[in-house]
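A.B. asks: For reference, the structure I am asking about is given below.
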Amino acid sequence: MRRACILLLLLSPVLGRADAPPLLHDAIQKLIVDDDHWAFTQSTQRFDRLGKPTGGLTIERYDPSQPTEQEWQLLQFRGHAPTGTELEYWQAQKERALKRHGEKTLGDVLDLDHATLASETPEAVTFVVPIMKDASKRFPADKLEVFMQVDKARHALTSFSLRPKAPFRIAGVVKLESGEVDGRLEVVQGNYTPAVVWVRGSGSGRILGLFPIGMGEEVNFSSFHRVHPYNDRFEVKIGDIKALNF
């Protein structure tokens, strides 16, 4: 199982399409090459609609060099050592996320072919990327847009954001009045492509036009370690049928 769904916004393999602007295409290709080659610690803090923390940090360790059922380890749950019941709850959440792994994410419906220049500095270029029309029932394509900033020298993604262009309704009941996702990438080791080190998402709205709702979540990634994905641990050479164990 890969990272939390907010990261899947960017890491879907369909993003590496050659018709995208060359600079953006190169940056996405580099992300794809590095996909699932990092073990890391993930720290998550939730916030209420007023922006105040709710509970303590949940800390997890992710290691894609392990079998699927062992990739994630829970180190701390909402500020304390997890109880047996909390560990079972956390495991059930991970299993549900794993079952959804084959579903479309926002990354599957980004229309990179029609990405356009949003702004430019001597060091970086920011592209605005539309969402494919009618590509997903979960995401209103005409209400959302994604911004991606690429470092010119490295040809590497350095930040991204998701913004609604206007308020919209979800299932005709909840009206989302504001919402955003921001992420930052940094070099975490040697000359490898920058990895996602921070993501924050928030949103607010009203149910039935009356009752205010809102929440936020901030995720920090640290303690990176370069690994070989578990499913790629064997390389078969045609001819001598030799498996090389990494």
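The values are calculated or read from the model by the stated rules, or taken from the named source; none is laboratory data. All figures in this text were calculated on a predicted structure; none of them were measured in a lab. So basically every Cβ, Gly included, is an ideal-geometry build from the backbone, and we count neighbours across all protein chains shown.
A.B. asks: Just checking, which of I28, I59 is part of a strand (DSSP E or B), of a type in the set (V, I, T) and buried (at least 18 other Cβ atoms within 10 Å of the Cβ)? Break it down into steps so the answer makes sense when it comes.
C.D. replies: Values: I28 fails: part of a strand (DSSP E or B).
Matching residue, one of I28, I59: I59.
A.B. asks: What are the pairs, 6+ residues apart or on separate chains, where a residue within segment 167-194 that is hydroxyl-bearing (S, T, Y) has its Cβ under 6 Å from a residue that is modelled with pLDDT under 80?
C.D. replies: S178/S204
A.B. asks: Tally time: how many residues in segment 31-53 are more than 30 Å from H155 (Cβ to Cβ) and either touching a residue at least 24 places away in the same chain (Cβ under 8 Å) or among the hydrophobic types (A, V, I, L, M, F, W, C) (or both)?
C.D. replies: The initial filter retains those residues of segment 31-53 that are more than 30 Å from H155 (Cβ to Cβ), namely 44-53.
If we keep only those that are either touching a residue at least 24 places away in the same chain (Cβ under 8 Å) or among the hydrophobic types (A, V, I, L, M, F, W, C) (or both) as well, we get 44-51.
Number of matching residues: 8.
A.B. asks: Only residues in segment 71-87 that are aliphatic (A, V, I, L, M) count as the first member; pair them with residues that are part of a strand (DSSP E or B) and modelled with pLDDT of 95 or more, Cβ under 7 angstrom, at least 6 apart or cross-chain, and list the lot.
C.D. replies: L74/E60; L75/I59; L75/E60; L75/R61; L87/L74
A.B. asks: Scanning segment 189-234 for residues that are of a type in the set (D, E, K, R) and over 27 Å from Q149 (Cβ atoms), which turns out modelled with the highest pLDDT?
C.D. replies: If we filter segment 189-234 for residues that are of a type in the set (D, E, K, R), which is where we start, we get 200, 206, 217-218, 226, 232-233.
With the extra rule that they be over 27 Å from Q149 (Cβ atoms), the set shrinks to 206, 232-233.
Numbers: R206: 52, D232: 75, R233: 64.
Step by step, filter segment 189-234, then rank; the result is D232.
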